[in-house]
Structure formats: C-alpha cells, structure tokens
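Visitor: Next up is a structure, given as structure tokens.
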Amino acid sequence: MYRNGEYVSFEDYKRDRREPTDNEQKMLLEEVGGLCPIKGCGVSLVNEKNGKHYKEYDIAHIFPQSPTDMEKIILADVEVDGECSESLDNKILLCHNCHTTYDKGKTEASYQQMLELKRRLANELKAKKVISKETIEEDITKAIDALMSIDENELEKAGKLEYKALEVAKKVTRDNILRMEIEDRVTRYFNYIRQVFKNLDPSGYKFELICTNVKKIYLMLKCQRLSQHEIYEKLSDWFLTKTQSNQSVCEIMTAFFVQNCDVYEISQ
C-alpha cells in the first residue's frame, strides 16, 4: 500500500489501538455534522435522554487496524492517509450498523469510497474553519438586508438580466442542477443587487474591495479541493453566518458573485 506516493508496509503502518481523546472525538463528530455520513443512513450519532447525551457511534478505522489475510490481499495496492493506523486521518465516526456493514463486507471499492468520504468531510470542515476567520464587508450585510426586505415593485423596476448576458453556463459546466439554480437566481435578482451596491457606493471603489474579499474566500475554498457545488454551499454558509440572514437570500448573493466573475472561472 502507499502513503503520499511512497510504499509503506502493513507492519510500518499498524499501531496499537488508541481511543481518541474527548477533544478528538468532538472534532470527528463535527466533521460528520453529528450524523452518520453513509449515504442513505444519516442517523443521529448522539442522542439525548433524561437530559443526558449518549454516544451512538463507533470510531471506525478506514484502513483496518488489524487487517485479515484476505484484507491484506484486497488492499495491497491502495492509498492510506495519516502517519499510522491510529491517526485521525484513518478514522471516521459511523453508526453501529454502518460500521458493522463496512467491516464485514470490505472490498477495494468500499474502502476507496470510505477514504474519499473521509477526505471530503475533512476538507469541508477545514474550509469552514479557515473562512470563519474572515470578516465580511459592511456593504454586503446591507445588500443582504435589502434582499431580506425586498419590495416586489422595486424588483420589477430593476428588471431581469437578459439571458444572453449570463456567464454562469461558461463556468458551471458539469453540474446542470447547480447551473440552473444559479441562472434562475441571477436572471431574477442580479440587476436589483447591482443597483443596491451602486446606491451604497456610487464611486464603485468599495465594491471593488468587496469583490476582492469574495474572490479571496472563493480561492480559500478552492484550495481545499472542494467541488463547485460544495464551494457554493460553503460560501452561502459564510454569508449566512456573518450576516445572520437566511439561507435563500445568502444563496442569491452567492449567485450574484458567480455572475459577477468573482466566483468560479470561465471554462476554456
């Protein structure tokens, strides 16, 4: 098997079993959002009864801590993450049933799926923590407030963006659902939001700073190897956290910056 492109033996990777600390378990729980991350499951991993919280999860090893002879054959050429079998990079929280299913029916395909799931969850959590430290420009908050109290007449007065002016299709080329959602929001709200920003800053200088700020957040998310859909969600969540608005309005604002060429690049 391989780690960072270099061969590593089972014996070198294996360590004695170690229970993660309480803080490490909290991090693993945050990583999966408190729910079993297996597709089709999603049960709560912590339940409350009589005012007390009870753990309903197992700490699963992605690469087995003590692989059987058959698993050594099946997983002989796979990649592994972490310095050893007891690294947090090789652990993920699962409900009891999903853990049992994973351990009993392990194949190279199921291992690769679990490894990719872990990597995605870890990257998303890292991205969330990285951008949480970034402040938001005051005018973005004001623009989102304007969307929150939008008047239908003002929206109609601003008019819809002409479909031929859309840049979204040039940027989002592999996720049709995401593209259509963004296009719907852009055609309806782009002109209104652009006018709000102009009213707040006629000179346009502050808006340039806003675009630079949003672009920075986008690049920070992109560095975590997130998909376009994941970036869209995380940027919307950042707007939501910083402005205490609502999810729909924040997704509209994210769509605005996709059209405004600050989020995503035009595909060549």
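Computed from the coordinates by the stated procedures, all read-outs in this text should not be read as laboratory data. All values derive from a computational prediction rather than experimental measurement. Cβ sites come from the backbone with ideal geometry, for glycine too, and all protein chains shown count toward neighbours.
Visitor: Considering only C-alpha atoms, what is the centroid distance from the range 111-178 to the range 30-104, in Å?
Guide: For the range 111-178 versus the range 30-104, the Cα centre distance is 31 Å.
Visitor: Let me ask you something else. Based on the Cα gyration tensor of the chain, what are the three equivalent ellipsoid semi-axes, each the root of five times an eigenvalue, rounded to whole Å and given largest first?
Guide: 44, 21, 16
Visitor: I would also like to ask the following. Pick from SER85, SER245, SER149: which residue has the top mean-square fluctuation in a GNM of the chain where Cα pairs under 10 Å get a spring?
Guide: SER149
Visitor: For the range 134-259, rounded, prolate or oblate, judged on the Cα gyration tensor with a ≥ b ≥ c (square roots of eigenvalues), a/c < 1.5 rounded, else prolate if a/b > b/c? Spell out each step's value before the answer.
Guide: On the way: a/c = 1.57, a/b = 1.15, b/c = 1.37.
Since a/c reaches 1.5 but b/c is at least a/b, the shape of the range 134-259 is classed as oblate.
Visitor: How about the range 191-268: which GluC sites (Glu not before Pro) there are in a DSSP loop, with at most 13 other Cβ atoms within 10 Å of their Cβ?
Guide: On the way: sites: GLU208, GLU230, GLU233, GLU251, GLU265; in loops: GLU265.
Counting only loop positions with at most 13 other Cβ atoms within 10 Å, the GluC sites (Glu not before Pro) in the range 191-268 are GLU265.
Visitor: Where in the chain are the DSSP H helices whose C-alpha atoms run 27 Å or more along the long axis and whose mean Kyte hydropathy is at least 1.6?
Guide: On the way: long enough: 108-132 (36 Å, -0.69); 176-200 (34 Å, -0.51).
Membrane-span-like by this criterion, though nothing is claimed about a membrane: none.
Visitor: Also, quick follow-up: Report the residue, chosen from MET70, MET220, MET180, that carries the largest GNM mean-square fluctuation when the chain is represented by alpha-carbon nodes joined by springs under 10 Å.
Guide: The residue with the greatest mean-square fluctuation here is MET70.
Visitor: I'd like the per residue volume of the convex hull spanned by the Cα atoms of the range 2-121, given in cubic angstrom. Spell out each step's value before the answer.
Guide: Values: hull volume 12.9 nm³, N = 120.
So the per-residue hull volume is 108 Å³.
Visitor: If you don't mind, there's one more thing I want to ask. When a footprinting reagent is the concern and you count Cβ atoms within 10 Å, what order do SER267, SER227 take, fewest first?
Guide: Values: SER267 10, SER227 14.
So the ranking, lowest neighbour count to highest, is SER267, SER227.
Visitor: I want to check the label-to-label distance for LYS160 and GLU19. Put each point 7 Å from Cα in the C-beta direction and report it in nm to one decimal.
Guide: In this crude label model, LYS160 to GLU19 measures out at 6.1 nm.
Visitor: Between ARG174 and GLN247, what is the spin-label point distance in nm, taking each point 7 Å from the Cα along the Cα→C-beta axis?
Guide: If labels sit at ARG174 and GLN247, their model points lie 2.5 nm apart.
Visitor: Moving on to the next point. On a 28 Å Cα-Cα criterion, which of the cross-link pairs LYS170/LYS216; LYS55/LYS129; LYS72/LYS126; LYS72/LYS222; LYS91/LYS242; LYS118/LYS222 come out too long?
Guide: Working: LYS170/LYS216 21 Å; LYS55/LYS129 24 Å; LYS72/LYS126 31 Å; LYS72/LYS222 35 Å; LYS91/LYS242 31 Å; LYS118/LYS222 18 Å.
Check vs 28 Å cut-off fails for LYS72/LYS126; LYS72/LYS222; LYS91/LYS242.
Visitor: Going by how many other beta carbons lie within 10 Å of each one, how would you line up LEU235, LEU45, LEU200, fewest first? It would help to have the intermediate numbers written out before the result.
Guide: Working: LEU235 25, LEU45 21, LEU200 16.
Taking fewest neighbouring Cβ atoms as first place, the list is LEU200, LEU45, LEU235.
Visitor: Now for a separate question. Once R0 is set to 22 Å, what does the formula 1/(1 + (r/R0)^6) return for the Cβ-Cβ distance between ASP12 and ASN97, expressed as a FRET efficiency to the nearest 0.05? List each step's numbers first, then the result.
Guide: Numbers: r = 32 Å, r/R0 = 1.47.
E(calc), rounded to 0.05, equals 0.10.
Visitor: Let me ask another. Can you tell me the length gained on complete extension of the stretch GLU108 to SER44, counting 0.36 nm per residue apart and subtracting the Cα distance? Intermediate values should be presented prior to the final figure.
Guide: Working: separation 64, 0.36 × 64 = 23.04 nm, distance 2.74 nm.
Taking GLU108 through SER44 to full extension adds about 20.3 nm, to one decimal.
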